[in-house]
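Have a look at the structure below before the remarks.
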Amino acid sequence: MIRFENVGLRYGLGPEILRDLSFSIDRHSFQFLTGPSGAGKTSLLRMMFLLLRPTRGLITMFDRDTATIDKDRRAALRRRIGIVFQDFRLLDHLTTYENVSLPLRVLGKDEASYRHEVVELLHWVGLGERMGALPPVLSGGEKQRAAIARAVIARPQLLLADEPTGNVDPNLGQRLLRLFIELYKSGTSVVIATHDIALMDEYDARRLVLHEGRLHVYD
Amino acid sequence: MSTLEPLERMAEPWDAGSSGSMHALAPEVPSPIVPSGSIAGRALTAVIAILTFLAALTTGAMMMVVGSASDWQSDVSREVTIQVRPVSGRDIDADVRAAIDIAQGTAGIAQVRAFTKQESAQLIEPWLGSGLVLSDLPIPRMIVVKLLSGARPDFAAMGKTLAAKVPSATLDDHRGWIARMRAMAETAVAIGAAILALVLAVTVLSVTFATRGAMATNQAIVEVLHYVGATDSFIAKQFQRHFLLLGLKGGAIGGGAAIALFGLIEAINVWLLGTPGGDEAAALFGSFSVGIPGYIAILVLIVLMAVATALTSRRTVNQTLDRIERE
Ligand SMILES: Nc1ncnc2c1ncn2[C@@H]1O[C@H](COP(=O)(O)OP(=O)(O)OP(=O)(O)O)[C@@H](O)[C@H]1O
Ligand SMILES: [Mg+2]
């Protein structure tokens, strides 16, 4: 579904922070992306979400060379991917319900057509009682779950999650991990960037490890 | 529309004890995607209101100046005078009658009226004092010739005929006056237009910058909308609509205040009319009215503000999106 071939990345004139990355994310797969802080996990996810162009190398996504497609095609590809940002990126003036339903709303869908689905998902992630709350009054873990719900509401084929357990206690972390596993089981490919070793030990999955700019894959 | 089936089939990962209140907390009316009552938005409304007010004042003032200038000009050019001097050996009354005939025989003349001896005397009374025996004095007689509005009688021909038939009469068509009036009016209009152009340019520029400022707080919203899959045109439309309303609101407040002010001035002016001071003011400044074109200009100004605001927001959105995509 996504294939990297000899991809390198540098910011501006700085050093190459990612070098010779060659790997692929398959359909219906689950993997952790790990590495020390500053290793380039967020940068790699941003490249997968087409927010960042590689300095060299080739990224193929859904069988298309991402370097040659135009803006609208990129947007269309991006719509097939859900992303959970490290800093959530929830809109503070919208309620939890509205934040989560945003991906459907911006497609011009009628509110009545997705209302039930959103409410159900909010219950599913344990935010049933917080639907009308604004993000500033949510706890870190609640924001995290709202961000995850928003990333999956439009049923993406690929879910990218950047440190989705970075702001929560181990217990909540495990519950969020179960949520991702359920999503994976229901057909979504999942990439979770984390440096939480304990979390990765919870579930035996493929690991992509970034170390000194290079990627090591442990299947 | 797909349902949540795959998720429903599996075990609830979360304690689902609260599913009884399923729809209880979902809000009825969705909030606008662009927040409506932000501080930056209110500040922008105020800026637009004030700028529109000032620009509208300038516009109205210019309309007044232009109106007055053309009023003076048309007042002066609506009549000409013939002066008949008493010349020994000629019958001045006969000369006056002959001059009146010539004037009435010219095309484009509405009315010809000779000042009586009495009236003529009154004209010079301030200089000579009253109580003079007028018949003893050789007083020149004035004939006021009023023109049909819009008509341009052939004064050259009329002057020639007068000179030939009534040598004691001279025609004064105020040409020098009119030329000077016209020059003055044109200068006033040119200066007015220049000031108005500057004020409008400054207004539009300020509104543009103020909108950019207000948009800065919305960058995050543009980004998030982009990330969750909104098309560029969807995002641009949200902001454009919001800022169009914001600009209209600010413009309506400022323009409305200006219209109210001009209306008040006009009302006071009508009320003062007839009083000696009011007459003098009217003579000097014309009707004190910005007139229908003035009010229309202010309405156009309000729309201009709203459009400038909306377009700037759209451009800022597009710049933000371009920046995101360029990385
Ligand atoms: N926009 C940017 N401009 C310049 N350098 C950047 C930028 N973003 C990230 N970097 C640098 O790239 C490197 C990798 O950053 P990145 O955020 O991808 O790491 P990370 O693995 O996600 O770290 P963390 O675990 O702390 O989130 C870091 O050295 C960082 O300083
Ligand atoms: Mg990171």
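Could you work out how far apart the two model spin labels at B:Ala46 and A:Asp201 are, taking each label as a point 7 Å from the Cα in the direction of the beta carbon, and quote it in nm?
Label-label distance for B:Ala46 and A:Asp201, simple model: 5.8 nm.
Once neighbouring chains are kept in place and the probe is 1.4 Å, which whole percent of the accessible area of the protein assembly as shown is contributed by carbon and sulfur? Display every interim value, and only then the final one.
Numbers: 15510 of 26260 Å².
The nonpolar share, carbon plus sulfur, comes to 59 percent.
Hey, what did segment B:159-311 get for relative contact order, percent, Cα under 8 Å, at least 6 apart? All intermediate terms of the calculation are to be shown ahead of the outcome.
Details: 68 pairs, mean separation 47.6, N = 153.
Rounded, it is 31 percent for segment B:159-311.
How large is ³J(HN,Hα) for each residue in segment B:139-147, as worked out from phi by the Karplus curve 6.51 cos²θ - 1.76 cosθ + 1.60 (θ = phi - 60°), to whole Hz, x for Gly and Pro?
9, x, 10, 9, 10, 9, 10, 8, 8
How far apart, in nanometres, would the label points at A:Arg214 and B:Ala257 be if each is projected 7 angstrom from Cα along the Cα-to-Cβ direction?
With each label placed 7 Å out from Cα toward Cβ, I get 6.9 nm.
Which percent of the Cα-Cα distances in segment B:118-260 go past 22 Å? List each step's numbers first, then the result.
Numbers: 7252 of 10153 pairs.
In whole percent, the long-distance tail amounts to 71.
Once amide H atoms are built 1.01 Å from N in the peptide plane, which residues 5 or more positions from A:Val190, or in another chain, come under 5 Å H to H?
HN-HN under 5 Å from A:Val190: A:Ser29, A:Phe30, A:Gln31, A:Leu159.
What are the equivalent ellipsoid semi-axes of segment A:134-219, built from the alpha-carbon gyration tensor (square roots of five times its eigenvalues), in whole angstrom, biggest first?
Values: eigenvalues 99, 52, 32 Å².
Ellipsoid semi-axes (Å, largest first): 22, 16, 13.
Can you give me the solvent accessible area of B:Ser68 with a 1.4 Å probe, rounded to the nearest 10 Å²?
10 Å²
Over segment A:92-154, with the other protein chains present, what is the accessible area per residue in square angstrom, probe 1.4 angstrom? Numbers along the way, then the final one.
Details: 1790 Å² over 63 residues.
Per residue, segment A:92-154 has 28 Å² of solvent-accessible surface.
How many partner chain Cβ atoms sit within 10 Å of a residue's Cβ in peptide A:151-158, on average, as a whole number?
Details: counts 2, 1, 2, 3, 4, 1, 0, 0.
That average works out to 2.
Using Cα pairs closer than 8 Å and at least 6 residues apart in sequence, work out the relative contact order for chain A, in percent. Could the numbers behind the result be given before it?
Working: 388 pairs, mean separation 64.5, N = 219.
Once normalised by length, the contact order is 29 percent.
Here is the link list: B:Lys117/B:Lys165; A:Lys41/B:Lys237; A:Lys71/A:Lys109; A:Lys109/B:Lys249; A:Lys71/B:Lys237; A:Lys41/A:Lys143. Which ones come out longer than 25 Å on Cα distance? Spell out each step's value before the answer.
Numbers: B:Lys117/B:Lys165 22 Å; A:Lys41/B:Lys237 34 Å; A:Lys71/A:Lys109 22 Å; A:Lys109/B:Lys249 29 Å; A:Lys71/B:Lys237 18 Å; A:Lys41/A:Lys143 21 Å.
Listed pairs above 25 Å: A:Lys41/B:Lys237; A:Lys109/B:Lys249.
With the alpha-carbon atoms as the only input, what is the per residue convex hull volume for segment A:1-149 in Å³?
Values: hull volume 22.3 nm³, N = 149.
Measuring per residue, one finds 150 Å³ for the Cα hull of segment A:1-149.
Report, as an integer, the average count of C-beta atoms from other chains found within 10 Å of each Cβ along B:220-227. Provide the component values of the computation, followed by the final result.
Working: counts 4, 5, 0, 3, 10, 5, 4, 12.
Counting Cβ atoms of other protein chains within 10 Å of each residue's Cβ and averaging gives 5.
Which residue fluctuates most in the GNM of chain A (Cα springs below 10 Å): A:Asp87, A:Asp70, A:Asp162?
Of the options given, A:Asp70 has the highest mean-square fluctuation.
Run through segment A:26-84 and list the chymotrypsin sites (Phe, Trp or Tyr not before Pro) located in a DSSP loop whose Cβ has at most 16 other Cβ atoms within 10 Å.
A:Phe62
Build a GNM of chain A with springs between Cα atoms under 10 Å: which of A:Gly12, A:Gly173, A:Gly132 gets the top mean-square fluctuation?
Result for chain A, Cα springs under 10 Å: A:Gly12 fluctuates most.
Quick one: compute the contact order of segment B:86-167, relative version, from alpha carbon pairs under 8 angstrom and 6+ residues apart, as a percent. Can you show the working numbers first?
Numbers: 74 pairs, mean separation 35.5, N = 82.
Reported relative contact order: 43 percent.
With N denoting the number of residues in segment A:92-154, provide Rg(C-alpha) divided by 2.2 N^0.38 Å, to two decimal places.
Working: Rg = 10.5 Å, N = 63, 2.2 N^0.38 = 10.6 Å.
So segment A:92-154 has a normalised radius of gyration of 0.99.
Using DSSP to define loop residues, name the trypsin sites (Lys or Arg not before Pro) in segment A:1-59 whose beta-carbon has at most 16 other beta-carbon atoms within 10 Å. Please list the in-between numbers first.
Working: sites: A:Arg3, A:Arg10, A:Arg19, A:Arg27, A:Lys41, A:Arg46, A:Arg56; in loops: A:Arg27.
Counting only loop positions with at most 16 other Cβ atoms within 10 Å, the trypsin sites (Lys or Arg not before Pro) in segment A:1-59 are A:Arg27.
With N set to the number of residues, divide the alpha-carbon radius of gyration of segment B:86-167 by 2.2 N^0.38 Å and report two decimals.
On the way: Rg = 14.5 Å, N = 82, 2.2 N^0.38 = 11.7 Å.
So the Cα radius of gyration is 1.24 times the expected 2.2 N^0.38 Å.
Hey, what number do you get for the protein assembly as shown at 222 nm if only DSSP H runs of n ≥ 4 count, each worth -39500 (n - 2.57), divided across all residues, to the nearest 500?
Details: 17 runs with 293 residues, N = 546.
Using -39500 (n - 2.57) per qualifying helix, the result is -18000 deg cm²/dmol.
Projected area of segment B:146-192, taken from the Cα convex hull and averaged over every viewing direction, in nm²?
For segment B:146-192, the mean projected area of the Cα convex hull comes to 4.2 nm².
Round to the nearest 0.05 the FRET efficiency obtained for B:Ile324 and A:Asp63 when R0 = 35 Å and r is the Cβ-Cβ distance.
Working: r = 24 Å, r/R0 = 0.70.
E(calc), rounded to 0.05, equals 0.90.
What per residue convex hull volume, in Å³, do the alpha-carbon atoms of the protein assembly as shown yield?
Details: hull volume 123.3 nm³, N = 546.
Value for the protein assembly as shown: 226 Å³ per residue.
How large is ³J(HN,Hα) for each residue in segment B:234-240, as worked out from phi by the Karplus curve 6.51 cos²θ - 1.76 cosθ + 1.60 (θ = phi - 60°), to whole Hz, x for Gly and Pro?
Rounded to whole hertz, the list is 4, 5, 4, 5, 4, 6, 4.
Determine the residues within segment A:116-131 where the difference in accessible area between the chain on its own and the full set of protein chains amounts to at least 30 Å²; count protein heavy atoms only and use a 1.4 Å probe.
In segment A:116-131, residues shielded by partner chains: A:His116, A:Glu117, A:Val119, A:Glu120, A:His123, A:Trp124, A:Glu129, A:Met131.
The values are calculated or read from the model by the stated rules, or taken from the named source; none is laboratory data. From a predicted model like this one, the values you see are computed outputs, not experimental measurements. Note that each Cβ is placed from the backbone with ideal geometry, even for glycine, and that neighbours are counted across all protein chains shown. Remember, those area values only see protein heavy atoms, side chains included, never the ligands or the DNA or RNA. Shrake-Rupley method; radii C 1.70, N 1.55, O 1.52, S 1.80 Å.
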